Amino acid sequence: MAENPAYPVGLRLTGRKVVVLGGGQVAQRRLPALIAAGADILLVSPEATPSVEAMADAGEITWHRRPYAEGDLADAWYALIATGDTEANTRASAEAERHRVWCVRSDDADAATAWTPATGHSEGVTVAVLTTEARGRDPRHTAAIRDAVVEGLRDGTLVAPHHRTRTPGVALVGGGPGDPDLITVRGRRLLAEADVVIADRLGPRDLLAELPPHVEVIDAAKIPYGRFMAQEAINNALIEHAKQGKSVVRLKGGDPYVFGRGMEELNALAEAGIPCTVVPGISSSISVPGAAGIPVTHRGVAHEFTVVSGHVAPDDERSLVDWASLAKLTGTLVILMGVDKIGKIAETLVAHGKPADTPVALVQEGTTAAQRRVDATLATVGETVRTQEVKPPAVIVIGEVVGVGPRTSA
């Protein structure tokens, strides 16, 4: 066989006949991509794996339950030969050669006229990796290269600039609880593609250091707002930059819709006619307790958990929380933004019947290198916050789940 490298090409198989010989593990791996390509697939095999049989039962492929026979490749555009019968594979390969059908052989790459690349997909891009020669091929190495490229495209560590005009707009991205590794793959990719990033103080700050030099990073807390309220000023900044044709990311801590005022920003953008994408984030209400060894639910202990904003005290007329009802619940209570109000919150819960010895944990700077857990009870938490100098941001967990697991953080 000539030592020239394979010529890579993308086959458009929609409505075109593809023959697969053999219904084993190779067919099971390859058939989904052929189905997705819209091929008219004929499977020839006496037997098939349950997954392949399910594809036939669903009408995704046509299955002839018999061994290969001469003439099966007539009118085919592409063939995958993957039976356990070497002699049948050789005869089928010869037929493919006579009919000029591109043919992949799972048992003998040297005898094939086509090779299957290791493929992956990311946002409308297909990555296909081929080794340069049949002999000495290492499929694991090829797959590892594929995985590295696809992962880089997905998480934004491999940035491929768009040279065609992009549609300007805003993405409201939930950055997660603080650890930069806990942002979603989509969020990280959009961040890598942004022209402007307007970031909250509680967003994952380490991610900002990874941005290219041309990206304008704006601290939302430092946006001048003059006659506007701070939120209005942020809304205006989002609109202004998007109207300049820029791709804007509004990077928030946690999830945009969990006490993140994301809907206010979405509504302002909609009124201005600015397209907006919302990327959910991992909420600190669940992830931070988990990082500190506290499950918000646990069998036999808590069958529910309630997330509450503690940014206003229970006796504040602006409060929308029914603290009396919360005191009667037997599940877990998670309070966000409540460090400076926890003393009053605890007193209110106890006054409405919550046992004073109910366990409480405060997890400061959760999921970051500075994570710190401080335990107390409803009776002692107010004083504990003062003596232990617990500072925001901290997630407060109230309930028996505080004591069910091993301590994972000091």
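Summary table below
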{"item": "Those residues of the range 307-353 which are outside any helix (DSSP H, G or I), buried (at least 18 other Cβ atoms within 10 Å of the Cβ) and among the hydroxyl-bearing types (Ser, Thr, Tyr), in sequence order", "result": "Thr332"}
{"item": "Pair list, Cβ under 7 Å, 6 or more apart: the range 286-308 residue in the same structural domain as Thr358 (by TED's automatic domain parsing) and touching a residue at least 12 places away in the same chain (Cβ under 8 Å), other residue in a helix (DSSP H, G or I) and not aliphatic (A, V, I, L, M)", "result": "Val296/Pro289; Val301/Glu400; Ala302/Glu400; Val307/Ser285"}
{"item": "Residue check for Arg201: free of Cβ contacts under 8 Å to residues at least 60 places away in the same chain, in contact with a Pro (Cβ under 9 Å, 6 or more places away or on another chain), surrounded by fewer than 18 Cβ atoms within 10 Å (Cβ to Cβ) and part of a loop (DSSP other than H, G, I, E, B)", "result": "yes"}
{"item": "Among residues of the range 39-51, those that are surrounded by 13 or more Cβ atoms within 10 Å (Cβ to Cβ) and either at pLDDT 95 or above or small (Gly, Ala, Ser) (or both), counted", "result": "9"}
{"item": "Answer residue from the range 52-73, given it is closer than 19 Å to Arg29 by Cβ and among the aliphatic types (A, V, I, L, M) and is surrounded by the fewest Cβ atoms within 10 Å (Cβ to Cβ) among those", "result": "Ala58"}
{"item": "Test: residue in the range 246-259 that is of a type in the set (A, V, I, L, M, F, W, C) and assigned to a helix (DSSP H, G or I)", "result": "no"}
{"item": "Residues of the range 92-119 classified as out of contact with any strand residue (DSSP E or B) (no Cβ under 9 Å at 6 or more places or on another chain), surrounded by fewer than 16 Cβ atoms within 10 Å (Cβ to Cβ) and in a helix (DSSP H, G or I), total", "result": "3"}
{"item": "Filter pass, Thr83 being surrounded by fewer than 21 Cβ atoms within 10 Å (Cβ to Cβ) and either of a type outside the set (Asp, Glu) or under 18 Å from Thr116 (Cα atoms) (or both)", "result": "no"}
{"item": "Ile274 aliphatic (A, V, I, L, M) and in a loop (DSSP other than H, G, I, E, B)", "result": "yes"}
{"item": "Lone qualifier among Ile145, Ile239 - being at pLDDT below 90 and among the β-branched types (Val, Ile, Thr)", "result": "Ile145"}
{"item": "Odd one out for Asp75, checked against (1) over 25 Å from Thr142 (Cβ atoms); (2) in contact (Cβ under 8 Å) with a residue 24 or more places away in the chain; (3) within 36 Å of the chain's Cα centre (by Cα); (4) part of a loop (DSSP other than H, G, I, E, B)", "result": "(3)"}
{"item": "Condition met for Leu190 (over 19 Å from Thr368 (Cβ atoms) and in a helix (DSSP H, G or I))", "result": "yes"}
{"item": "Odd one out for Gly290 among (1) in a loop (DSSP other than H, G, I, E, B); (2) more than 17 Å from Ile234 (Cβ to Cβ)", "result": "(1)"}
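The values are calculated or read from the model by the stated rules, or taken from the named source; none is laboratory data. Only a predicted model underlies this, so the values are computations on that prediction, with no experimental measurement involved. Positions of Cβ are backbone-derived with ideal geometry, glycine not excepted, and every protein chain shown enters the neighbour counts.
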